[in-house]
1. What is the residue count in the range 164-206 for residues that are in contact with a strand residue (DSSP E or B) (Cβ under 6 Å, 6 or more places away or on another chain), within 23 Å of Leu5 (Cα to Cα) and of a type in the set (A, V, I, L, M, F, W, C)?
2. Counting just the residues of the range 1-17 that are surrounded by fewer than 20 Cβ atoms within 10 Å (Cβ to Cβ) and not in a helix (DSSP H, G or I), which one comes out nearest to the chain's Cα centre (by Cα)?
3. Could you pull out the residue among Leu49, Leu62, Leu20 that is in contact with a helix residue (DSSP H, G or I) (Cβ under 6 Å, 6 or more places away or on another chain), outside any loop (DSSP other than H, G, I, E, B) and hydrophobic (A, V, I, L, M, F, W, C)?
4. Looking only at the range 38-52, which residues are out of contact with any strand residue (DSSP E or B) (no Cβ under 9 Å at 6 or more places or on another chain) and among the hydrophobic types (A, V, I, L, M, F, W, C)?
5. Please work out if Leu89 is over 19 Å from the mean Cα position of the chain (by Cα), assigned to a helix (DSSP H, G or I) and surrounded by 15 or more Cβ atoms within 10 Å (Cβ to Cβ).
6. For the range 33-59, name all the residues that are touching a residue at least 40 places away in the same chain (Cβ under 8 Å), among the β-branched types (Val, Ile, Thr) and more than 12 Å from Tyr71 (Cβ to Cβ).
7. Determine whether the range 144-167 contains at least one residue that is among the aromatic types (Phe, Trp, Tyr) and either within 16 Å of the chain's Cα centre (by Cα) or in a helix (DSSP H, G or I) (or both).
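The values are calculated or read from the model by the stated rules, or taken from the named source; none is laboratory data. Predicted, not measured: the structure shown is a model, and the values here were computed from it. Cβ coordinates were reconstructed from backbone atoms using ideal geometry, including for glycine residues, and neighbour counts include every protein chain displayed.
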Amino acid sequence: MKILLVEDDERIADALAEELMDQNYTVDVIYDGQSAWDMIEAYSYDLILLDVMLPGIDGITLCKKLRSHRYTVPILMLTARDTTGDKVLGLDAGADDYVVKPFDLDELSARIRSLLRRGGDIAPPILSCGDLQLDPSTCEVHYASTLLALTPKEYTLLELFMRNPRRVYSSSQIVERLWTSGEIPSEETVRSHIKGLRQKLKQSGANPNLIETVHGLGYRLTQCEIP
């Protein structure tokens with residue numbers, strides 16, 4: 001499942017993104033409203049975590065804009081203001097739920113799961129590559145009848161490849177998509193995760209070369225057609 005986190009406080013954004021990625025979500029982090037709008041136009045998200053106070057386009061205005069353009073993605077507003085009027089303003093703008101900072105991570109996670117279930121009247125499609133299947137709703141990966149015991153990073157790495165078949169990702173692009181700005185992993189770290197993913201694919205009976213190295217460029221998923 002893919003979440004867009006829009007929060008101008010980088011410390012909060014990076015810590016929250018790391019927590020969500022540990023729960024096997026794919027997370028894009030944006031720090032201002034206009035950039036968030038650009039990302040939403042370019043990519044598909046299962047949920048938006050939207051701070052109210054943002055530079056440029058504020059959260060309430062962005063929420064109204066999304067709904068006026070018929071975006072139905074669930075929106076969970078984040079704010080430091082805990083008054084009934086502020087909550088009504090956010091909900092009237094089209095938000096599905098409202099959380100006040102500082103929030104409890106367990107409660108926030110429960111609210112995210114609840115919104116994803118509500119927004120999941122139509123279940124997100126299972127991503128398939130032959131006998132390899134990734135279910136975004138359960139964060140499980142199977143090859144034939146075998147469940148792969150992937151780490152959170154291995155899962156999000158495989159999901160990235162399966163959502164974008166045949167697209168080549170360099171190590172720096174993988175870092176940008178899967179790590180927060182507060183983390184600075186090396187290319188060796190990326191290679192280590194790729195190696196671990198290939199080993200687990202091989203152990204399950206899948207072809208480890210499903211993740212192809214494109215020399216001098218990066219990595220991509222190959223050998224299958226994915227809608």
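1. 0
2. Filtering the range 1-17 for residues that are surrounded by fewer than 20 Cβ atoms within 10 Å (Cβ to Cβ) and not in a helix (DSSP H, G or I), the one nearest to the chain's Cα centre (by Cα) comes out as Lys2.
3. Leu62
4. Of everything in the range 38-52, just one residue is out of contact with any strand residue (DSSP E or B) (no Cβ under 9 Å at 6 or more places or on another chain) and among the hydrophobic types (A, V, I, L, M, F, W, C), namely Ala42.
5. Answer is yes for this residue.
6. none
7. Scanning the range 144-167 turns up at least one residue that is among the aromatic types (Phe, Trp, Tyr) and either within 16 Å of the chain's Cα centre (by Cα) or in a helix (DSSP H, G or I) (or both).
Each row is one residue, and each column tells you yes or no for (1) modelled with pLDDT of 85 or more; (2) touching a Pro at 6+ places or on another chain (Cβ under 8 Å).
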site: Lys153; (1), (2): yes, no
site: Glu159; (1), (2): yes, yes
site: Tyr169; (1), (2): yes, no
site: Thr180; (1), (2): no, no
site: Glu183; (1), (2): no, no
site: Val190; (1), (2): yes, no
site: Arg198; (1), (2): yes, yes
site: Gly218; (1), (2): yes, no
site: Gln223; (1), (2): no, no
